[in-house]
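*Asks:* The structure under discussion is supplied below as structure tokens; questions concerning it will follow.
The values are calculated or read from the model by the stated rules, or taken from the named source; none is laboratory data. This is a predicted model, so every value here is computed, not measured. Methodologically, a virtual Cβ is constructed for each residue, glycine included, from the backbone with ideal geometry; neighbour enumeration extends over all protein chains shown. Heads up: the accessible areas ignore ligands, DNA and RNA and are worked out on the full protein's heavy atoms, side chains in. Shrake-Rupley method; radii C 1.70, N 1.55, O 1.52, S 1.80 Å.
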Amino acid sequence: MKAYFQRFSINLTKAEALSASHPGDCDADVKALLRIPRVRRQLERLGNDAIRAELKEYGAWTDAELRDIADNFQRLVWLAACDIRERT
């Protein structure tokens, strides 16, 4: 399934999305998705500049916070998972 953003989309299976978008702390589940090569490659292809620009529009993170690529990967996967959950 695709999670659509302004600049790109991210593909996750429904099960993957549901695993990382539940009540409570999702950090460990998001990190588990980032260990899946197919998921990781998608993010690496996008690059931090595109991801940072996308996340900046949410207004939830400062410029300083958006400098960390690993954190940005986690944020983006979590947002993608939540988007897919909301649409299923």
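*Asks:* Looking only at the stretch 63-88, which residues are small (Gly, Ala, Ser) and either assigned to a helix (DSSP H, G or I) or closer than 19 Å to THR13 by Cα (or both)?
*Replies:* ALA70, ALA80, ALA81
*Asks:* Is it the case that THR88 is modelled with pLDDT under 95 and either buried (at least 18 other Cβ atoms within 10 Å of the Cβ) or among the hydroxyl-bearing types (Ser, Thr, Tyr) (or both)?
*Replies:* Criteria met by THR88.
*Asks:* Please give the number of the condition ALA60 fails out of (1) hydrophobic (A, V, I, L, M, F, W, C); (2) surrounded by 13 or more Cβ atoms within 10 Å (Cβ to Cβ); (3) outside any helix (DSSP H, G or I).
*Replies:* The one condition ALA60 does not meet is (2).
*Asks:* Among residues belonging to the stretch 63-85 that are closer than 20 Å to HIS22 by Cα and not hydrophobic (A, V, I, L, M, F, W, C), point out the one that is most open to solvent (accessible area, probe 1.4 Å).
*Replies:* ARG85
*Asks:* Count, please, the residues in the stretch 12-31 that happen to be under 22 Å from ARG87 (Cα atoms) and surrounded by fewer than 14 Cβ atoms within 10 Å (Cβ to Cβ).
*Replies:* Summing the residues that are under 22 Å from ARG87 (Cα atoms) and surrounded by fewer than 14 Cβ atoms within 10 Å (Cβ to Cβ) in the stretch 12-31 gives 7.
*Asks:* Here's another thing I want to ask about it. Tell me, yes or no, whether the stretch 36-50 has at least one residue that is open to solvent by less than 40 Å² (accessible area, probe 1.4 Å), charged (D, E, K, R) and closer than 20 Å to ARG85 by Cα.
*Replies:* no
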